[in-house]
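See below for the structure under consideration.
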Amino acid sequence: MSNVVLEKVSRSFGSFVAVDGVDLRVNEGEFVTLLGPSGCGKTTTLRMVAGLEQNTGGRISIGDEIVSDATRGLFVPPERRRLGMVFQSYAIWPHMTVFENVAYPLRVRRRSNAEIREQVTRALRLVEMEAFAERPAPALSGGQQQRVAIARALVFEPKVLLLDEPLSNLDAKLRLQMGDEFRAIQKRLGMTSLYVTHDQSEAMALSDRVVVMHGGRIQQIGAPEEIYRRPANPTVAAFFGTPNLLEANVEGCARIDDRRVRLDVVGRGWRGSCEAADEVRPGQVVTVMVRPEDARIAADGAANDQDLRWAGRIAHTVFRGPTRSIVVETEDGPMNVDAPSTGHFAVGDNIVVVAPQRAAWAVEGQRAAR
Ligand SMILES: Nc1ncnc2c1ncn2[C@@H]1O[C@H](COP(=O)(O)OP(=O)(O)OP(=O)(O)O)[C@@H](O)[C@H]1O
Ligand SMILES: [Mg+2]
């Protein structure tokens, strides 16, 4: 297995810049996910690593080898990059058996029959599909077809595995199951994997690190919890779930430790403290993120001194099984709260939304459009 390094990688189509100066290192054995809204440049980035698309700027290396360098006009074609690929449409061939589908990359590489039998059997065993070897490919469920596609990508022992929305054709339950299975295989084999999805929870569940992209640029790279709890800017904050993003002015700033500062802030109809990554000058505008699951509703306003509070009125509620989503009208606009579904809240009730200071995270800049 190898690492993958992208240095200032760009791709333009005419005057349109689809991928803009991407710097990224995927370490050996690491599972890294490109995540972002439709059109942000995920597939284009993956295709440039694969060699299916040529970068118009920057340099890409796989292991010790530079596979593409725009300034030197160097370009290694896809078949010489030794990459396994799995795409959204699994593209397993309907006229072939499972065995022949998985054997295909080896036949192209003119391996011997004995070698093919051994490697295909091993790849099918990895994805627990050896019992299906002689089945015609169409006589498989979506999840089974997906496993065949993964076996086919693994069979020639690629240096790196590239996957573009490989689970998006599956139903929700199978998607979870296949995601977990794939992650287990990936860990067991220590495969360097670059994965593309626009599904936030899939990215969170599978990845060692997540790369959030927007408009062709990297917004943030970090472990899933880091990205979720400590977004770097309003765009990343707004991307995950339905956070409350409240504009506020900074009045004071004090360092807590080397990773956090405490900010005293004033919003529209509320004031309090929150945390942030870097020092912010008083007078600056920040966006304070409060996740719905970190907020609660206090009928009588009961709260710690340090908690943040917003007075409001319940506008509507939605029962979601384990939780109840509650929208509260406040002076600062609507706020989302995820409450336990056992609680009783009536539309029109005057209540107080409460959130602990440590669950409020501030980023510099204005709130992104929702
Ligand atoms: N061959 C092409 N010619 C012109 N524009 C292109 C071409 N390929 C991609 N683009 C544009 O580049 C941008 C990025 O496309 P890309 O397919 O990388 O997005 P994506 O992040 O994978 O989106 P999705 O989640 O919808 O798959 C889009 O605006 C797309 O229209
Ligand atoms: Mg795509």
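Summary table below
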{"read-out": "Dipole in debye (nearest 20) - the chain, about Cα centre, beta carbon charges: Lys, Arg +1; Asp, Glu -1", "value": "1040 debye"}
{"read-out": "Integer Hz, Karplus 6.51/-1.76/1.60 couplings in order for segment 324-335, x for Gly and Pro", "value": "10, 7, 10, 9, 10, 7, 10, 4, 8, x, x, 10"}
{"read-out": "Simple spin-label estimate for HIS316 and THR121 in nanometres, 7 Å along Cα-Cβ", "value": "6.1 nm"}
{"read-out": "Dipole-positive endmost among TRP270, ALA254, ILE185 within the chain (Cβ charges, Cα centre)", "value": "ILE185"}
{"read-out": "Label-point separation, PHE13 to ASP69 (7 Å along Cα→Cβ), nm", "value": "2.9 nm"}
{"read-out": "Exposure proxy ranking, count of Cβ atoms within 10 Å, fewest first, for PHE239, PHE87", "value": "PHE87, PHE239"}
{"read-out": "Percent of C-alpha pairs per 10 Å bin, segment 1-155, short to long", "value": "10, 34, 30, 21, 5, 0"}
{"read-out": "Dipole axis of the chain (+1 Lys, Arg; -1 Asp, Glu on Cβ), positive-most option in MET204, PRO282, VAL108", "value": "VAL108"}
{"read-out": "Karplus-derived HN-Hα couplings along segment 40-47 (A = 6.51, B = -1.76, C = 1.60, θ = phi - 60°), whole Hz, x at Gly and Pro", "value": "7, x, 5, 5, 4, 4, 4, 5"}
{"read-out": "Computed lengthening from ASP278 to ASN350, 0.36 nm per intervening residue step minus Cα-Cα distance", "value": "22.3 nm"}
{"read-out": "Overall Cα dimensions of the chain, principal axis frame, Å, largest first", "value": "76, 50, 38"}
{"read-out": "Convex hull volume per residue for segment 228-370, taking Cα atoms only, in Å³", "value": "105 Å³"}
{"read-out": "The chain - mean residue ellipticity at 222 nm from DSSP helices (-39,500 (n - 2.57) per run, n ≥ 4, rounded to 500)", "value": "-7000 deg cm²/dmol"}
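Read the figures in this text as sums done on the coordinates, not as results from a lab. Since the model is a prediction, treat every value here as computed from it, not as a measurement. So basically every Cβ, Gly included, is an ideal-geometry build from the backbone, and we count neighbours across all protein chains shown.
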